[in-house]
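The values are calculated or read from the model by the stated rules, or taken from the named source; none is laboratory data. Model, not experiment: these values are computed from the prediction. All Cβ positions, even for glycine, are placed from backbone atoms using ideal geometry, and neighbour counts span all protein chains on display. Accessible surface areas use protein heavy atoms only, side chains included; no ligands, DNA or RNA. Shrake-Rupley method; radii C 1.70, N 1.55, O 1.52, S 1.80 Å.
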Amino acid sequence: QFATPFKDENGEIIGIVEDFRDISDRKKMEEALKESEQKFRMINSAAYDAIIMMDNEGKISYWNKAAEKMFGYKAEEIIGKHLHYTLAPKSFHEAYDKGFSRFKDTGEGTAVGKTLELTAIKKDGTEFPIELSLSSVKIKDKWCAIGIVRDITDRKKAEESLKKYQMKIQQQNIKLKRLDKIKSDFLNVTSHELRTPMSAIKGYVQMILKETLGEITEEQKKALHVVLRNINRLDNLIQDILDISRLESGTMKFIPEETDVKKMVEEVVETMKTHAKEKNITINVEIHGDLPHLVIDRQRIKQVIINIINNAIKFSPYNSVVNVRVKRQQNNVLFEIQDFGKGIPKDKQKKVFDTFYQVDSGLDRKHGGAGLGLAICRGIVLSHGGEIWVESKPLQGSTFKFTLPLQPVQDLESKFREVDIFGLKEREEEDKEEKENDLRKRTYI
Ligand SMILES: Nc1ncnc2c1ncn2[C@@H]1O[C@H](COP(=O)(O)OP(=O)(O)OP(=O)(O)O)[C@@H](O)[C@H]1O
Ligand SMILES: [Mg+2]
């Protein structure tokens, strides 16, 4: 075949020409075949998934190492056995019998080309969950099937326990929501109910002080002033709790009105001056340029400025200064309240806006207050579409800043409901980032 006789003109063979090229080509082909077979065998025995082949009669014609391990049959004892009747539970047989002749003729079937979760039987009779990826191939004009089978016992177990956890979390969630509602209602109802008797008490004390109910001694007056001061303190606290519960439940009402910002700020500062005098603190107001009118809830924004100035006075030394600056910026009006008090460390500057948060809880509580003021400010400012933050250095003082947009928020109350008043989403993001960082530490190698 590879040698050609070389003849003279009489037809006598005088030599042979060997075709060396042909031989070397065939050799190369054989080697390539061997190599690819070797690769095939290596891949098949290295695979963690079972690789099983079924012939046109439904019999097993190939069975790799992983299949041996997974099912417990050696290749030599299972090759030639009927695949389905050996490996699939009885409940699957009927459907198989129905579909087989179609597969035999066309290579098509409901499971072909898909990855399905099924159940299989081991040699010792135990059933276990598998994931089967099935494809059909034509060998010598006959349809055969190749199945890749993965044992998903562990995965199923994990899924089941995950499901159980999910259920548990769901139930706990329902419980938490119920508790949350009880808490909100409790806050709302109690603070409401506390305010009513409080205003009666306050009214009568004021009447007695004005001597509408008869003369009282100087001593009695002094005592009643102390009573009144404490009533006011209690009233403010109740008011704050009510506000927090309104902010939290999304039931705070806003009444936006066109407001002269300059006038509003000057009014607020005026009312704060007597309080500042108690510590001989001077409040300076600097208004830069022309301020526009803003459509805002005037009382609520006043409340924000009062809360911040109150803090400034509270956390500043005697004989110091508080500066209130207001200026128009491109898209908003910026309010700044600067004090030269004890300042706030960097890592606490975000937290001071949380409910009930106080930097130095023991000391700050002594000053009076529950840690609600700034949380309320935050809720009101965010609802107005603005931002609020603090810039501060310990012992050098703090500057609280907030903005209000020139363009008023269209629907203050619905904006307010979508605002993340308590910074819960922010916390979630922080948690997520931490988790992602954790993941990044892992590696595939
Ligand atoms: N100007 C400031 N200087 C230093 N620390 C401040 C200043 N303003 C606020 N803080 C810190 O932030 C905390 C939270 O302030 P916030 O106004 O929310 O609560 P509070 O003043 O303690 O109580 P409340 O306002 O409910 O009466 C304060 O307790 C204090 O630790
Ligand atoms: Mg305060």
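Listing for the model above:
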| quantity | calculated |
| --- | --- |
| Distance between modelled label sites at SER361 and GLU9, nm, 7 Å Cα→Cβ extension | 12.2 |
| Accessible surface of the stretch 270-313, 1.4 Å probe, proportion on carbon and sulfur as whole % | 46 |
| Those residues of the stretch 339-355 whose amide nitrogen sits under 18 Å from the label point placed on LYS393, 7 Å along Cα→Cβ | 339-349 |
| By accessible area with a 1.4 Å probe, ligands and nucleic acids excluded, highest first: order of ASP151, ASP240, ASP141 | ASP141, ASP151, ASP240 |
| Positive-end residue of LEU83, GLY113, ASN332, charge dipole of the chain with Cβ unit charges | ASN332 |
| Pairwise Cα inverse-distance average, inverted: Kirkwood Rh of the stretch 157-247 (Å) | 16.9 |
| Accessible carbon and sulfur surface of the stretch 47-151 relative to its total accessible area, %, 1.4 Å | 55 |
| Chain lengthening between GLU257 and LYS81 when straightened (0.36 nm per residue, less Cα-Cα) | 54.7 nm |
| Where GluC sites (Glu not before Pro) fall in DSSP loop in the stretch 185-252, at most 13 other Cβ within 10 Å | GLU211, GLU215 |
| Folded to 0 to 90 degrees: helix 20-46 orientation relative to the chain principal axis, Cα | 50 |
| Heavy-atom accessible area order for TRP389, TRP63, TRP143, largest first, 1.4 Å probe | TRP389, TRP143, TRP63 |
| Nearest-10 value in Å² for the accessible area of MET167, using the 1.4 Å probe | 110 |
| Candidates ARG246, ARG325, ARG155: whichever shows maximal mean-square fluctuation once the chain is modelled as a Gaussian network with Cα springs under 10 Å | ARG155 |
| Cα-based Kirkwood hydrodynamic radius, the stretch 71-202, one decimal, Å | 20.1 |
| Where the chain is the region considered: accessible area per residue in Å², 1.4 Å probe | 66 |
| Per-residue SASA entry for ASP297, accessible area with 1.4 Å probe, Å² rounded to 10 | 10 |
| Nearest-0.05 FRET efficiency for GLN166 and LYS123, computed from C-beta distance (R0 25 Å) | 0.10 |
| Nearest-ten-degree value, helix 424-440 long axis tilted from longest Cα axis of the chain | 40 |
| Which of MET264, ILE241, LEU194, positive extreme of dipole for the chain (C-beta unit charges) | LEU194 |
| The chain: calculated mean residue ellipticity at 222 nm from DSSP helix runs of at least 4, using -39500 (n - 2.57) | -16500 deg cm²/dmol |
| Burial order of peptide ranges 400-412, 277-289 (average beta-carbon count within 10 Å, highest first) | 400-412, 277-289 |
| Helix axis angle, 93-106 relative to the chain longest principal axis, alpha carbon, degrees | 60 |
